[in-house]
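Novice: This is the structure I want to talk about, given as structure tokens.
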Amino acid sequence: MLQRRTAVSKSSSLKQTASSNGKQPNGNSRRRKKQRSNSIALRAAIFVVSFILATLIIVANHLFGTNAINGASANINKKSDLLKFYLRNKVNANVPDDAIDPAAEERAKQREARYHSLYRPKFDQNQLGYDIYNCPSTPPDHYPMAWTTVEVLSNWMPHDVTTIAPAYREIYQGLCVFDYTTQYDAALNYRKAELPFIIRNDPNVISTARRWEDDTEYLHNALGDETLFRTERSPINEFMWYRLRGKGMPRGYVKPPNDEINMSYGEWLERALAKDAMALQDEDLSAKVSATKKRRMQLVTDNKKQDDSLENDDHDRDNSTEEEKLKNWYYFRLTTSLRHASNDPSPEKFVYDELPFLDPRKRSESQFYIVDPSEERGINCRFGMRGVISANHFDMSRNFIMILGGERRYILGHPNQCKNMALHPIGHPSLRHSKVDWNNPLEWDENPEFKQALVNEVVLHAGDALYLPTAYFHYIVNLSLNYQCNARSGTTHENAKHIRECGYPNVYTRPKAACCGWLTATKQDSPSLHNTYLRTYLAINTEKEGRRSQILTLLE
């Protein structure tokens with residue numbers, strides 16, 4: 001009763017005030033009040049309906065995951081439409097960092113704990129002279145520490161790739177490991193000194209690694225089961241690069257058994273998962289292999305029904321028998337360039353969208369990794385399966401290597417070890433590569449200088465970035481299914497004398513490629529895009545007057 005009397009009292013007071021002011025409510029004011037009341041009611045209704053719909057969507061996603069989305073995609077049969085659907089929707093994992101699934105976060109922690117339990121540095125600060133996890137800002141004179149190939153390889157032979165707890169590996173690690181958030185400046189000093197190191201905990205890199213590693217279907221949905229990519233194939237697990245030119249092959253030359261084919265990402269994933277399942281005797285992985293194969297075959301069957309030409313579209317496909325495929329080893333390649341990065345949809349755009357830290361156009365994210373943007377050479381991704389080995393070699397540019405899922409072992413050598421690496425000579429199809437089988441001690445004895453070569457090693461896992469200066473030697477062992485992408489950005493000359501002295505006198509004297517050739521090529525395709533890219537490059541190369549004048553000429 002007290003509340004009612006109070007309300008009546010206020011109402012009476014309002015009426016008296018209006019009367020005392022000589023203002024009586026008329027028809028117009030009553031209509032305006034009614035309209036305001038209806039508007040408020042309508043807004044309230046819209047809010048309630050929106051809230052109910054949002055709640056239903058959240059509940060449905062929680063209960064059914066992305067099955068509805070996947071079901072819709074099954075009705076998309078054209079290759080271009082299917083790729084576009086996957087790229088636009090980024091099914092299954094592309095969520096903001098502030099909405100990370102707690103279960104996914106827990107899985108990431110378990111993988112991190114497993115990594116640190118399996119791979120442990122053999123030497124501490126007292127033995128190295130520096131703490132690899134808290135390296136001094138100025139590189140030590142003897143950095144990085146190295147040991148003979150015999151010591152490193154005898155401790156862990158490259159073919160022995162599977163380690164299962166409680167067993168673990170002791171790593172001959174001499175490289176510093178920097179934290180991106182707390183040791184950025186120190187890492188920058190090592191990069192400026194052109195010394196190798198590892199950097200971790202970059203939020204952008206971790207975000208991509210989390211998407212790629214936590215759910216194998218994320219990349220599967222993006223790259224699909226139909227689009228074909230260049231893939232290296234070999235009946236043995238060791239891959240040797242070679243380039244055949246003309247008829248002048250060295251006497252007695254035998255071509256390595258690896259070659260190139262076209263393969264879909266889905267089939268490569270199926271083969272790579274099968275290697276892991278077999279090595280680990282993992283029934284869950286075996287079930288995933290079966291599901292992956294079933295999905296791939298269903299899509300292929302559906303598309304063949306709609307397009308009979310697909311039945312004859314076997315150019316450069318892997319025509320091995322199923323038994324041969326189970327024994328083969330595959331190295332999946334996804335090579336991109338800025339020239340095609342704006343094609344939507346395309347695998348190139350997907351890669352550049354996923355890896356902003358390797359995109360020279362996005363300097364806030366990439367300035368640490370793309371050292372010289374004007375000399376960038378695209379993003380090169382190679383996805384490896386357990387056991388695949390890439391022969392020891394050096395490259396003629398600085399390189400940042402990202403691991404975005406799985407684990408890889410790198411055995412590294414300074415360019416001053418060139419004379420000890422038993423390299424194929426100039427003119428050989430596999431020049432710049434070691435001719436020694438690192439798994440065969442008998443071949444070590446045949447090349448005694450190789451036994452004296454000094455090397456160190458690291459095991460990289462998801463979220464790690466390895467800086468590799470120009471001409472550094474690297475031997476790669478894939479320890480599991482893994483995703484690796486790298487970007488090169490310019491050549492440095494501090495180690496040129498070592499490369500020349502060991503039989504490569506001309507590698508540093510080749511004519512330098514003209515500036516921004518790919519930019520020139522975009523002029524006819526898209527003048528507006530061409531000028532946008534040129535202005536971007538102009539902004540990041542103002543300190544290079546020669547390059548600046550070239551770019552200004554292109555803009556005219």
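The values are calculated or read from the model by the stated rules, or taken from the named source; none is laboratory data. Bear in mind that the values here come from a model prediction, so they are computed numbers and not experimental data. Reconstructed Cβ throughout: ideal geometry from the backbone, glycine too, with neighbour counts over all protein chains shown. Keep in mind that these areas ignore ligands, DNA and RNA; they rest on the heavy atoms of the full protein, side chains included. Shrake-Rupley method; radii C 1.70, N 1.55, O 1.52, S 1.80 Å.
Novice: Considering H498, H493, which residue is part of a loop (DSSP other than H, G, I, E, B) and open to solvent by 10 Å² or more (accessible area, probe 1.4 Å)? Explain how you work it out, then say what you get.
Specialist: Numbers: H498 fails: part of a loop (DSSP other than H, G, I, E, B).
Sole residue among the options that is part of a loop (DSSP other than H, G, I, E, B) and open to solvent by 10 Å² or more (accessible area, probe 1.4 Å): H493.
Novice: Across the stretch 434-463, what is the total count of residues that are part of a loop (DSSP other than H, G, I, E, B) and surrounded by 22 or more Cβ atoms within 10 Å (Cβ to Cβ)? Before you say what the answer is, go through the steps one by one.
Specialist: At the first step, the residues of the stretch 434-463 found to be part of a loop (DSSP other than H, G, I, E, B) are 435-440, 447, 452-453, 462-463.
So of that shortlist, the ones also surrounded by 22 or more Cβ atoms within 10 Å (Cβ to Cβ) come out as 438, 453, 462-463.
Qualifying residue count for the region: 4.
Novice: With the checklist (1) modelled with pLDDT under 95; (2) part of a helix (DSSP H, G or I); (3) open to solvent by 20 Å² or more (accessible area, probe 1.4 Å); (4) of a type outside the set (V, I, T) in hand, flag the one item P511 doesn't pass.
Specialist: Result: P511 fails condition (2) only.
Novice: Kindly indicate which of L223, L175 is of a type outside the set (F, W, Y) and at pLDDT 95 or above.
Specialist: None of the others qualify; the one that does is L175.
Novice: Could you list, in sequence order, all residues of the stretch 476-490 that are within 15 Å of H393 (Cα to Cα) and open to solvent by 10 Å² or more (accessible area, probe 1.4 Å)?
Specialist: Step one: of the stretch 476-490, the residues within 15 Å of H393 (Cα to Cα) are 476-477.
Matches in the stretch 476-490: I476 only.
Novice: Output yes when any residue across the stretch 227-242 is out of contact with any Gly (no Cβ under 8 Å at 6 or more places or on another chain), open to solvent by 10 Å² or more (accessible area, probe 1.4 Å) and among the basic types (K, R), and no when none is.
Specialist: Looking through the stretch 227-242, at least one residue is out of contact with any Gly (no Cβ under 8 Å at 6 or more places or on another chain), open to solvent by 10 Å² or more (accessible area, probe 1.4 Å) and among the basic types (K, R).
Novice: Residues in the stretch 243-275 that are under 26 Å from L404 (Cα atoms) and surrounded by fewer than 17 Cβ atoms within 10 Å (Cβ to Cβ): how many? Even if it seems obvious, please write down each step before you answer.
Specialist: Just the residues of the stretch 243-275 that are under 26 Å from L404 (Cα atoms), to begin with: 258-275.
Next, only the ones that are surrounded by fewer than 17 Cβ atoms within 10 Å (Cβ to Cβ) stay: 259-260, 262.
The total comes to 3.
Novice: If a residue must be within 24 Å of the chain's Cα centre (by Cα), closer than 30 Å to S137 by Cα and in a loop (DSSP other than H, G, I, E, B), how many such residues does the stretch 154-183 contain?
Specialist: 7
Novice: Which condition does S374 not pass, out of (1) touching a helix residue (DSSP H, G or I) at 6+ places or on another chain (Cβ under 7 Å); (2) at pLDDT 90 or above; (3) not hydrophobic (A, V, I, L, M, F, W, C), if it passes all the others?
Specialist: (2)
Novice: Which residue is nearest to E217 (Cα to Cα), if the candidates are limited to the stretch 249-290 and must be without any contact (Cβ under 8 Å) to a residue 12 or more places away in the chain and not in a helix (DSSP H, G or I)?
Specialist: Taking the candidates together, the pick is D282.
Novice: In the stretch 339-380, what residues are small (G, A, S) and either closer than 16 Å to A209 by Cα or within 14 Å of the chain's Cα centre (by Cα) (or both)?
Specialist: Scanning the stretch 339-380 gives S366, G378.
Yes/no per residue for (1) in contact with a strand residue (DSSP E or B) (Cβ under 9 Å, 6 or more places away or on another chain); (2) of a type in the set (A, V, I, L, M, F, W, C); (3) at pLDDT 90 or above:
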| residue | (1), (2), (3) |
| --- | --- |
| T301 | no, no, no |
| D308 | no, no, no |
| R317 | yes, no, no |
| K327 | no, no, yes |
| Y331 | yes, no, yes |
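Novice: I've got another one for you. Under 8 Å between Cβ atoms, at least 6 apart or on separate chains: pull out the pairs that start in the stretch 168-193 with a residue that is open to solvent by 10 Å² or more (accessible area, probe 1.4 Å) and end on any residue that is assigned to a helix (DSSP H, G or I) and polar (S, T, N, Q).
Specialist: Y168/S117; E170/N155; Y172/N155
Novice: Suppose we filter L431, L412, L404 for residues that are in contact with a Pro (Cβ under 8 Å, 6 or more places away or on another chain), assigned to a strand (DSSP E or B) and hydrophobic (A, V, I, L, M, F, W, C); which single one remains? Spell out how you get there, then give the answer.
Specialist: On the way: L431 fails: assigned to a strand (DSSP E or B); L404 fails: in contact with a Pro (Cβ under 8 Å, 6 or more places away or on another chain).
Going through L431, L412, L404 in turn, just one is in contact with a Pro (Cβ under 8 Å, 6 or more places away or on another chain), assigned to a strand (DSSP E or B) and hydrophobic (A, V, I, L, M, F, W, C): L412.
Novice: Go through the stretch 199-212 and give me each residue that's surrounded by 22 or more Cβ atoms within 10 Å (Cβ to Cβ) and in a strand (DSSP E or B).
Specialist: Within the stretch 199-212, just I199 meets the criteria.
Novice: Also: Write out, first by first residue and then by second, each pair whose Cβ atoms fall under 7 Å of each other, whose residues are 6+ apart or on separate chains, and whose first residue, in the stretch 425-447, is over 23 Å from A471 (Cβ atoms) and polar (S, T, N, Q) while the second is in a loop (DSSP other than H, G, I, E, B) and at pLDDT 95 or above.
Specialist: The qualifying pairs are N439/M157; N439/P158; N439/H159.
Novice: If I ask for residues that are touching a strand residue (DSSP E or B) at 6+ places or on another chain (Cβ under 6 Å), part of a loop (DSSP other than H, G, I, E, B) and of a type outside the set (S, T, Y), which ones from the stretch 464-489 would you list?
Specialist: Those that are touching a strand residue (DSSP E or B) at 6+ places or on another chain (Cβ under 6 Å), part of a loop (DSSP other than H, G, I, E, B) and of a type outside the set (S, T, Y): D464, L479.
Novice: Can you tell me how many residues in the stretch 134-144 are hydroxyl-bearing (S, T, Y) and within 15 Å of E457 (Cα to Cα)? Please lay out each step first, then the result.
Specialist: Step one: list which residues in the stretch 134-144 are hydroxyl-bearing (S, T, Y), which gives 137-138, 143.
Next cut, within 15 Å of E457 (Cα to Cα) only: 143.
Of the residues in the stretch 134-144, 1 are hydroxyl-bearing (S, T, Y) and within 15 Å of E457 (Cα to Cα).
Novice: Identify, please: which residue in the stretch 345-389 is aromatic (F, W, Y) and in contact with a strand residue (DSSP E or B) (Cβ under 6 Å, 6 or more places away or on another chain) and is, among those, farthest from T216 (Cα to Cα)?
Specialist: If we filter the stretch 345-389 for residues that are aromatic (F, W, Y), which is where we start, we get 350, 352, 357, 368-369, 383.
Within this subset, residues satisfying the condition of being in contact with a strand residue (DSSP E or B) (Cβ under 6 Å, 6 or more places away or on another chain) are 369, 383.
On the way: Y369: 26, F383: 12 Å.
Going through the qualifying residues, I end up with Y369.
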